[in-house]
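Remarks on the structure that follows.
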Number of protein chains: 2
Amino acid sequence: MSAKKVGIVGGGQLGRMLALAGYPLGIACRLLDREPGCPGGQVAELVPGALDDPAALERLADGVDAVTIEIENVAVEGLEALARRVPVYPPPAAVAAAQDRLAEKELFAALGIPAAPFARIDTGADLAPAVREVGLPLVLKLRRMGYDGRGQRVVRDAADIGRAWAELGEGPAIAERWLPFEREVSSIAVRGAEGALAFYPLAENTHHGGILHTTLAPYEDATLQRQAERWLAAILERFDYRGVLTVEFFLTRDGLVANEIAPRVHNSGHWTIEGAETSQFENHLRAVVGWPLGDTRPRGHAAMLNLLGRVPPAEAVLAVPGAHLHDYGKPPRPERKVGHCTLVDPDRDRLLERLAALRAAAAST
Amino acid sequence: MSAKKVGIVGGGQLGRMLALAGYPLGIACRLLDREPGCPGGQVAELVPGALDDPAALERLADGVDAVTIEIENVAVEGLEALARRVPVYPPPAAVAAAQDRLAEKELFAALGIPAAPFARIDTGADLAPAVREVGLPLVLKLRRMGYDGRGQRVVRDAADIGRAWAELGEGPAIAERWLPFEREVSSIAVRGAEGALAFYPLAENTHHGGILHTTLAPYEDATLQRQAERWLAAILERFDYRGVLTVEFFLTRDGLVANEIAPRVHNSGHWTIEGAETSQFENHLRAVVGWPLGDTRPRGHAAMLNLLGRVPPAEAVLAVPGAHLHDYGKPPRPERKVGHCTLVDPDRDRLLERLAALRAAAAST
């Protein structure tokens, strides 16, 4: 009796939160994941299978109104094959660009979006010229499959670059100038049918060991907000995109510098469930099925705290006034994202006080 | 991998919204319903069976941390039997009182809660004395199984009471004085472990043909709010209650008059999903598993519009700025509650303007 059906490649926590956002709208989600007990499979129909298995993708797409993704590291060929018989959003070309740090850099350059200077590394012979070109310190990043700080090494001394590349498996990479930055912010936009656009306010992110730890939103700076919106609009339009798109930026002395694109809902947008009029998850689904986009306005100041390793006792977290808990249903494992908590308050100072209490509660066992 | 498991007797839209509120908290719900395609069964584990089938109730309760209800017309004996082996909230005695209009009236009287004068009707011989005792017009109400205006007749002329009772099947009933009222408001409270209490603000309800049509919240009147909170607290404490409790009131020239109790989450509390810090569904589950209660504060002025008969096109509803849609996944049927929409706005006048637009959109086909 659902009005629409959407297939989602991936059954992690993003798929879970998409599925939960879909039910009230009358959108039933079906997820594809190798793990039967995955977070998404606990709350929605699951097609068990590998994300690049053509037969499993066919089963995922059978009878759905559209297919989308909750993880960008999927085989683009599989998405392209599906796109010949069912709408696939975001467009596979956008997913391909976001999978490859070189393509991403070229996209930023083509659209005039500031990004760190970089050089391409295909063979060992490219290493020394790259050091000369981008300068030191630099960050050596594999072009593919990097996330949460994996697949990269900071190089401070030219003599170390060979070892760093060896540690990364000598795969195709880029060398990128390491930029001193003041903050990391992310911008989330959504594009719907007929080019409809909506933007969430910038959010400020704090990482620990490469993993997102805390998001505070909105990060209020009208000039930066306008810039980010213009750049995200350019990316969205280039691909005739539908759905949510996230860009992570460094805020340097010279302004915003684009770091990377996620062609999907994003951890730094989890605050929107309680903190914005319409969550990133609901807006992604609205966009994918072609419905009007929802209001992206914040409901106050919001803080999102990732829960890593294991979910603390709910009693402790929920005893913090106004705290909301999101448990992804995952078994504990060190550094794994197993849930998050959110706080919303009209007053930013009071929010920060409550966040301190929430951190203490989240550290309890 | 859920932290807690809760069994819910009933799989309608209230069970569906409870289950959806449970997932983020790490609470998995299992529902009991006769209909495999029921709204709740579309989003959570379903035990198929009648609500009074002891074997089905056993299957529902197997391995859960607590059992609760989403409909009050369940066999109290079944709940009492379950309560011997698993926590059942609200307590079966509270459910029993809410099932019987006579017990409800006696409860109001015992706790000093204003209610309309009434007389008990067991046989035809009670009809004429009841007219003399409560006066005309009166409302003849079956003691059991009445909801959404069913099981009752307004009697304006003493000569009509016999026919009215016959139309109701001559079952045990009460005759209640018909009170001229200005508004209908409802009060929703939640009681948790160790007597923790939280109250939502009063909401104003508009009914059409006995069925709730629109709720506006908060209905701001500090005196009435204090009175309602005192009375709900008295009911909750009398039963050592856990979970959400709703009382519907008439607002008459002489103040609040209690109409009826619902020992559960309530249609007039659906606005709390977007309109309050913590929804009635989340707070009910927190109470039932013994976790701290969530903040009941409103996020602004909220309007809830029931969708009756059939869900209008989502495109039309969602085109209203800020509109949220809740589709219960039910097949269309005249006058059936198939979904609801919500709006929240800091400004009440603007909310009412947007509500007019939402009504127009909801009437589209």
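The values are calculated or read from the model by the stated rules, or taken from the named source; none is laboratory data. Predicted model, so just to flag it, every value in this text is computed and none were measured. Here the Cβ positions follow ideal geometry from the backbone for every residue, glycine too, while neighbour counts run over all protein chains shown.
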- Query: Across the stretch B:315-350, what is the number of residues that are surrounded by 12 or more Cβ atoms within 10 Å (Cβ to Cβ) and over 24 Å from the mean Cα position of the chain (by Cα)?
  - Reply: 11
- Task: Say whether the condition of being within 12 Å of another protein chain (Cβ to nearest Cβ) and among the small types (Gly, Ala, Ser) is met by at least one residue in the stretch A:324-338.
- Result: yes
- Query: From the list B:Glu282, B:Glu315, B:Glu353, B:Glu274, which one is outside the structural domain of B:Arg144 (by TED's automatic domain parsing) and either hydroxyl-bearing (Ser, Thr, Tyr) or more than 19 Å from A:Gly22 (Cα to Cα) (or both)?
  - Reply: B:Glu353
- Message: Let me spell it out: the conditions are (1) in contact with a helix residue (DSSP H, G or I) (Cβ under 6 Å, 6 or more places away or on another chain); (2) assigned to a loop (DSSP other than H, G, I, E, B), and A:Arg150 meets all of them except one. Which number is the exception?
- Response: (1)
- Task: All but one of (1) of a type in the set (Val, Ile, Thr); (2) within 12 Å of another protein chain (Cβ to nearest Cβ); (3) touching a Phe, Trp or Tyr at 6+ places or on another chain (Cβ under 6 Å); (4) not in a loop (DSSP other than H, G, I, E, B) hold for A:Thr296, so report the exception by its number.
- Result: (4)
- Specify the residue that is surrounded by the most Cβ atoms within 10 Å (Cβ to Cβ); the eligible residues are those in the stretch A:302-314 that are in a loop (DSSP other than H, G, I, E, B) and either within 25 Å of the chain's Cα centre (by Cα) or of a type in the set (Phe, Trp, Tyr) (or both). A:Val311
- Every residue from the stretch A:208-230 that is within 21 Å of A:Asp254 (Cβ to Cβ) and within 17 Å of the chain's Cα centre (by Cα): A:Ala228, A:Glu229
- Query: In the set B:Glu133, B:Glu45, which member is in contact with a strand residue (DSSP E or B) (Cβ under 7 Å, 6 or more places away or on another chain) and over 13 Å from B:Glu176 (Cβ atoms)?
  - Reply: B:Glu45
- Item | Sole exception among (1) part of a helix (DSSP H, G or I); (2) away from every other protein chain (no Cβ under 14 Å) for B:Val317, by number | (2)
- Quick one: would you say B:Leu82 is outside any loop (DSSP other than H, G, I, E, B), of a type outside the set (S, T, N, Q), more than 22 Å from B:Lys337 (Cα to Cα) and touching a residue at least 24 places away in the same chain (Cβ under 8 Å)? yes
- Task: Considering only the stretch B:318-360, state which residues are over 15 Å from B:Ile273 (Cβ atoms) and of a type in the set (A, V, I, L, M).
- Result: B:Leu318, B:Ala319, B:Val320, B:Val338, B:Leu351, B:Leu352, B:Leu355, B:Ala356, B:Ala357, B:Leu358, B:Ala360
- Query: Looking at the stretch B:1-18, which of the residues that are surrounded by 23 or more Cβ atoms within 10 Å (Cβ to Cβ) and aliphatic (A, V, I, L, M) is farthest from the other protein chains (Cβ to nearest Cβ)?
  - Reply: B:Val9
- Task: Mind listing just one residue for me: the one in the stretch A:19-34 that is more than 8 Å from chain B (Cβ to nearest Cβ) and farther than 18 Å from B:Gly26 by Cβ and, of those, surrounded by the fewest Cβ atoms within 10 Å (Cβ to Cβ)?
- Result: A:Arg34
- Item | Matching entry among B:Phe108, B:Phe118, B:Phe181 (being over 24 Å from B:Asn73 (Cβ atoms) and within 26 Å of the chain's Cα centre (by Cα)) | B:Phe181
- Query: Do we have any residue at all in the stretch B:279-286 that's small (Gly, Ala, Ser) and in contact with a Leu (Cβ under 9 Å, 6 or more places away or on another chain)?
  - Reply: no
- Limited to the stretch A:344-365, what total is found for residues that are touching a helix residue (DSSP H, G or I) at 6+ places or on another chain (Cβ under 7 Å) and touching a residue at least 60 places away in the same chain (Cβ under 8 Å)? 1
- Test: A:His270 is away from chain B (no Cβ under 11 Å), of a type outside the set (A, V, I, L, M) and within 15 Å of the chain's Cα centre (by Cα): no
- If a residue has to be over 16 Å from A:Val190 (Cα atoms) and not β-branched (Val, Ile, Thr) to count, how many in the stretch A:236-286 make the cut? 12
- Message: For the condition surrounded by fewer than 18 Cβ atoms within 10 Å (Cβ to Cβ), touching a Lys or Arg at 6+ places or on another chain (Cβ under 9 Å) and of a type outside the set (D, E, K, R), what is the one hit in A:Leu136, A:Leu142?
- Response: A:Leu136
- Query: Quick one: in the stretch B:308-336, which of the residues that are touching a residue at least 60 places away in the same chain (Cβ under 8 Å) and in contact with a Lys or Arg (Cβ under 8 Å, 6 or more places away or on another chain) is farthest from B:His208 (Cα to Cα)?
  - Reply: B:Gly329
- Item | Condition met for B:Arg297 (under 20 Å from the mean Cα position of the chain (by Cα) and farther than 25 Å from B:Cys341 by Cα) | no
- Query: Does the stretch B:299-314 hold any residues that are facing another protein chain (nearest Cβ under 10 Å) and farther than 19 Å from A:Thr296 by Cα, and which are they?
  - Reply: B:Val311, B:Pro313
